[in-house]
Amino acid sequence: MPSHQIYRGAVLSFKDDPATAGDDAIVFFEDGALLLEDGLIAACGEANEVLDQAPQNTPVRYYQEHLIIPGLIDTHIHFPQVEVIASFGEQLLDWLNQYTFPTEQKFADVEYASKIANFFLDELLRNGTTTALVFGSVHASAAEAFFKASHRRNTRMICGKVMMDREAPAALCDTAESAYADSRQLIEDWHGKGRQLYAITPRFAITSTPEQLAAAGKLKTEFPDVYVQTHISENRSEVDFVGALFSDAKDYLDVYDQYGLLDKKTVLAHGIHLTERERKRLQETGSSVAFCPTSNLFLGSGLLDLKQLEADGVCVSVATDVGGGTSFSMLRTLHEAYKVLQLQGQSLCPMRSLYMATLGNARSLHLADKIGSLEAGKEADFTILDFNCTPLMALKQQHCKTLREKLFAMIMLADDRAVAATVVAGQCLHERDKHATNQAGSPT
Ligand code: GUN
Ligand code: ZN
């Protein structure tokens, strides 16, 4: 691959949150271009200026009628749940027992784990997602298989082996000691290797004994730079069960707090039924909540009150939660987020929405110095969206006057079909239909 490349098309990125910083937060070039060098963005701007500054004979990929955006980021997803997606009829606790736990047992087989890890990563890329915070299964070998598959693609992924030592089938239970030892080994082998990062992953308070949560907290103390990911307050029966198991804790969040698991690199999925005290404590610790709208609707969990969380200063990211979630597509996820907020009289404008799935999510993962926006020095992870990918979208786009309208129609109508290409560290890893790529010209 040549060390320099240019991608030309409309370019949209964010410098800040449009909800607070207004239009100054938006970076848009109708005829824009990115100059890539050695996997990084060397320049982003008006096409004529970028073409002028590129070395002679730099290859140009020209995507007319397309929009180049930062690679989408998913802050909560489970790789062993690919085949659990779209399982009928249950709410959280029964869904785990009936579908999820039986499926996750298959990941004891490292060959199967590797096959699904590869499928999963390709599916993310087909949907324009270049970074995700990923739950594994309880098996260390499956997490290892995932990291190997991601390292081979050079995708920036954060993953962790699940820790669970009770309230699950025996075949899915580790112990406080083995979870500590296995997680520690994975941290030493993978955290910071290439683009891979590690997350300590106690599944949720129900499936970890106090001893295991203490082991997770010990790991966090020993490796303060690694992430913590878990679930919280998704379903009312779950919240009640946690209350019964940890009767001395102030509330659900306090269970994690007591074991030193809350800091700015902690991501808690769902957070639908949080109390005022819990929201305040989230704000104090800087831990973030991952809003998973397709999952919350599908499992009948409830509606996340984004306005309240933000009013209380809690950082909220947006995520798919496949296989509780029903789509790998962050566009579909933003679409459902819009509806969840509509049901509560709240609104999510398309610029804010796309900000959340890119720079906002990068900020929540403390990776905004590397990914999440298109500017010189950032890693060259981006996604190219096709405004005309279906007959309906093409028709609708003709009736959109502003960029906001075009973007909103994209969010409401598009999915993986709109992802024409996905580029990871300067390498095109997904091309929807190669013949649509117009290898036009080179800079003069
Ligand atoms: N809570 C504990 N485990 C899970 C899981 O796998 N999916 C969801 N949605 N919630 C959980
Ligand atoms: Zn989840």
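Taking other residues whose beta carbon is less than 14 angstrom from the beta carbon of MET412, and scoring Lys, Arg as +1 and Asp, Glu as -1, yields +3. Calculated over the chain, the projected area of the Cα convex hull averaged across directions stands at 20.0 nm². Computed over the chain, the per-residue total of -39500 (n - 2.57) for DSSP H runs of n ≥ 4 gives a 222 nm mean residue ellipticity of -10000 deg cm²/dmol, rounded to 500. Take every pair of alpha-carbon atoms less than 8 Å apart whose residues are at least six positions apart; their mean separation over the length of the range 338-444 yields a relative contact order of 22 percent.
The mean sequence distance of close C-alpha pairs (under 8 Å, at least 6 residues apart), as a share of the length of the range 304-344, puts its relative contact order at 39 percent.
One quarter of the convex hull surface built on the alpha carbon atoms of the range 161-320 amounts to 9.3 nm², the projected area averaged over directions. Taking Cα atoms only, the orientation of helix 140-153 departs from the longest principal axis of the chain by about 10 degrees. Accessible surface area normalised per residue over the chain is 37 Å², counting heavy atoms of protein chains with a 1.4 Å rolling probe. All other residues whose Cβ lies under 12 angstrom from that of LEU282 are scored, Lys and Arg at +1 and Asp and Glu at -1, for a net of -4. Bridges between two residues of the chain, per DSSP, are antiparallel at a rate of about 50%.
Taking all protein chains together, MET356, MET412 sort by accessible area into MET412, MET356, largest first [probe 1.4 Å].
Calculated on the alpha-carbon coordinates, the convex hull of the range 81-121 measures out at 60 cubic angstrom per residue. Overall form of the range 56-131: prolate. Here a/c, set by the Cα gyration tensor axes a ≥ b ≥ c, is 1.5 or more, and a/b is the larger of a/b and b/c. Beyond 19 Å, the tail of the calculated P(r) for the range 285-386 holds 44 percent of the Cα pairs.
Taking only alpha carbon atoms, the range 2-94 gives an Rg to Rh ratio of 1.19, where Rh is the Kirkwood radius.
For LYS378, the lysines whose Cα falls under 20 Å of its own Cα, not counting residues fewer than eight places away in the same chain, are LYS15, LYS193, LYS370. Surface composition of the range 275-423: carbon and sulfur make up 52 percent of the accessible area, probe 1.4 Å. Taking the chain as the reference, fit the longest principal axis to its C-alpha atoms, fit the long axis of helix 330-342 to the helix C-alpha atoms, and give the angle between the two in degrees, 0 to 90, nearest 10. Approximately 70 degrees, to the nearest ten. Inter-part distance, the range 127-167 to the range 14-30, computed on C-alpha centroids, equals 32 Å. What you get for the chain, charging only the Cβ of Lys and Arg (+1) and of Asp and Glu (-1), is a dipole of about 580 debye around the Cα centre. Round to a whole angstrom and tell me the spacing of the C-alpha centers of the range 324-388 and the range 54-77. Cα centroid to Cα centroid, the span is 16 Å. Taking all Cα pairs closer than 8 Å and separated by 6 or more residues, the relative contact order of the chain comes to 21 percent.
Is the shape of the range 76-223 rounded, prolate or oblate, going by the alpha carbon gyration tensor and its root eigenvalues a ≥ b ≥ c, with a/c under 1.5 for rounded and a/b larger than b/c for prolate? Oblate shape, in that a/c is at least 1.5 and b/c is the bigger or equal ratio. Axis of helix 276-285 versus longest Cα principal axis of the chain: the two differ by about 60°, to the nearest ten degrees. To the nearest µm²/s, what D does Stokes-Einstein give for the range 244-345 at 10 °C and 1.306 mPa s, using the Kirkwood radius over alpha carbon pairs as Rh? After rounding, the answer is 113 µm²/s. Distance distribution P(r), the range 117-172, all Cα-Cα pairs, bin width 5 angstrom from 0: 4, 20, 28, 21, 12, 9, 6, 1 percent. The calculated pair-distance distribution of the range 203-243 uses every alpha carbon pair, bins of 10 angstrom beginning at 0, and gives 27, 46, 24, 3 percent. Sorting 328-341, 75-88, 171-184, 48-61 by their mean Cβ neighbour count within 10 Å, with the most densely packed peptide first, gives 328-341, 75-88, 171-184, 48-61. Bridging of LYS218 to lysines at a Cα separation below 18 Å is possible for LYS161, LYS264, LYS265, once same-chain residues fewer than 8 apart are set aside.
The values are calculated or read from the model by the stated rules, or taken from the named source; none is laboratory data. Note that the structure is a prediction, hence the values are computed from the model and not measured. Here the Cβ is made from the backbone with ideal geometry for all residues, glycine too, and neighbour counts use every protein chain on show. Surface accessibility is based on the protein's heavy atoms, side chains included, excluding ligands, DNA and RNA. Shrake-Rupley method; radii C 1.70, N 1.55, O 1.52, S 1.80 Å.
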